[in-house]
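Since the structure comes first, as structure tokens, the remarks are kept for the end.
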Amino acid sequence: MFAPLPLQDGFDNAGLQVGLTDAEVTGVLLCLDVTEEIIDEAVASGCNLIVSHHPLIFSPLKKITGATYVERCVIKALQNGVSIYSAHTNIDNAPGGVNYRIAKKLGLQNVKILVPKEEALLKLSVYVPTAAAEAVRSALFAAGCGKIGNYGSCSYNVSGYGTFEAGAGAHPFCGSVGSLHKEEEVRIDTVMPAYIKGRVVKALLAVHPYEEPAYDIYPLKNSWESVGAGVIGELSSPADELSFLKNIKEVFGAGSVRHTALLGKEVRRVALCGGAGGSFAQAALAAGADLYLTGEARYHDLFSYDGKMLLAVIGHYESEQFTMEIFKEIIADACPGVRTEITSRNTNPIHYL
Ligand SMILES: [Zn+2]
């Protein structure tokens with residue numbers, strides 16, 4: 001899966017917003033924001049599913065009377081049999097997600113996550129009779145264990161022996177009830193994202209031959225380097241600041257590019273975060289970025305980097321507009337027969353004179 005919901009940040013509300021999961025999809029309208037006009041467009045074009053980047057519903061609704069545009073959208077969607085699904089910070093944080101797409105548009109290379117996700121990985125150690133080790137390893141990898149960067153099927157295996165004495169009522173795979181047994185075993189160590197723990201344990205128990213498999217799961221303090229906020233990469237050849245800023249304006253069709261004072265040096269290392277990413281500018285500076293690009297930043301943030309790093313702000317909508325292309329590709333890949341349309345509407349609430 002490209003951007004599983006557990007990758008979303010704690011404040012977020014990504015996922016199904018409105019509608020039914022068992023309705024057959026007639027077409028999908030892709031957008032950044034859900035508005036009443038977007039729902040009208042979906043209905044007119046025969047799409048009964050809207051996939052948006054920003055969740056329609058952020059705060060819990062206590063009533064649905066049509067008093068706010070969110071309530072009116074919910075009513076209109078339900079009346080017209082339109083479901084709404086939002087992929088927000090889960091696709092921001094995903095490898096190949098929103099920020100990788102922005103980096104691609106700017107021609108960055110060697111792109112890496114700027115602020116990796118913390119407290120998101122687990123270590124699994126399981127003790128397996130030697131003859132069954134291969135089958136258990138394969139099942140763990142198939143369930144999603146052992147992925148480190150661009151490597152898969154990562155594990156460490158140590159041979160030893162286990163001891164156990166089966167008690168009354170036990171049905172031991174080897175040895176016999178009431179006597180101490182020694183068995184040649186392999187301890188398999190591997191890593192997994194915390195959110196897949198349930199399915200990994202299920203896969204493990206399904207394939208492990210013991211009646212009571214012994215396994216340990218530990219929380220890891222390692223950062224999850226392939227998942228997180230923002231990205232950093234390099235230009236294939238250095239650019240002068242002004243031409244690079246002009247290129248940004250062009251690529252994103254930005255109404256304006258607000259930036260800190262030019263530093264009089266070339267731009268090579270570029271960090272960026274779509275949307276309201278001002279708070280990650282410090283991480284960009286620490287990572288040695290010459291320029292940090294984001295959708296929104298606070299006035300006082302801009303002071304902090306003056307003279308140290310060029311900071312460019314291009315608008316929230318402008319920075320995330322290519323997310324709709326990612327949606328289109330994901331759906332084409334996962335459900336090739338499903339019709340998708342990128343909205344013809346610009347839902348940016350900010351206009352420029
Ligand atoms: Zn956003």
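A few points about this structure:
- The modelled label-to-label distance between Lys265 and Asn222, using points 7 Å beyond Cα along the C-beta direction, is 3.3 nm.
- Label-to-label distance, His300 versus Glu165, with points set 7 angstrom from Cα along the beta-carbon direction: 6.8 nm.
- Ordering Ile342, Ile350, Ile39 by the number of other Cβ atoms within 10 Å of each residue's own Cβ, fewest first, gives Ile350, Ile342, Ile39.
- Using the Karplus relation 6.51 cos²θ - 1.76 cosθ + 1.60 with θ = phi - 60°, the per-residue 3J(HN,Hα) values for the range 276-282 come to 7, x, x, 6, 9, 4, 4 Hz, with x marking Gly and Pro.
- Pairs of Lys residues in the range 1-151 that lie 8 or more places apart, or on two chains, and have C-alpha atoms under 22 angstrom apart add up to 7.
- Charge dipole (debye, nearest 20) of the chain; +1 at Cβ of Lys and Arg, -1 at Cβ of Asp and Glu: 380
- Among residues other than Ala133 with Cβ under 15 Å from its Cβ, the summed charge is -3 (Lys and Arg +1, Asp and Glu -1).
- 3J(HN,Hα) couplings calculated from phi for the range 202-219 with the Karplus curve 6.51 cos²θ - 1.76 cosθ + 1.60 (θ = phi - 60°) are, in sequence order, 4, 5, 5, 5, 5, 10, 5, x, 6, 5, 10, x, 9, 8, 10, 10, 10, x Hz; Gly and Pro show x.
- A Förster radius of 56 Å combined with the Cβ-Cβ distance from Ile342 to Glu134 puts the calculated FRET efficiency at roughly 0.75.
- Relative contact order [Cα under 8 Å, 6+ residues apart], the chain, whole percent: 20
- Only Cα pairs under 8 Å and 6+ residues apart enter the sum, and on that basis the relative contact order of the range 151-194 stands at 47 percent.
- Vicinal HN-Hα couplings computed from phi for the range 159-164 (Karplus, 6.51 cos²θ - 1.76 cosθ + 1.60; Hz; Gly/Pro x): 8, x, 9, x, 10, 7
- Using the rule -39500 (n - 2.57) for each DSSP H run of four or more residues, divided by the residues of the chain, the 222 nm mean residue ellipticity is -7500 deg cm²/dmol.
- Within the range 12-98, DSSP assigns beta bridges of which about 25% are antiparallel (rounded to the nearest 5).
- The range 309-353 and the range 210-250: distance between their alpha carbon centers, rounded to Å: 20
- Spin-label model, Lys197/Asn247: points 7 Å from Cα along the beta carbon direction are separated by 4.5 nm.
- For the range 1-137, the relative contact order comes to 30 percent (Cα pairs under 8 Å, sequence separation of at least 6).
- When the Gaussian network model of the chain links Cα atoms closer than 10 Å, the mean-square fluctuations of Leu108, Leu302, Leu205 top out at Leu205.
Bear in mind that the values in this text are calculations on the coordinates, not laboratory data. A quick note: this is a predicted structure, and the numbers were derived from the prediction, not measured. Virtual Cβ from ideal backbone geometry, glycine too; neighbours counted across all protein chains shown.
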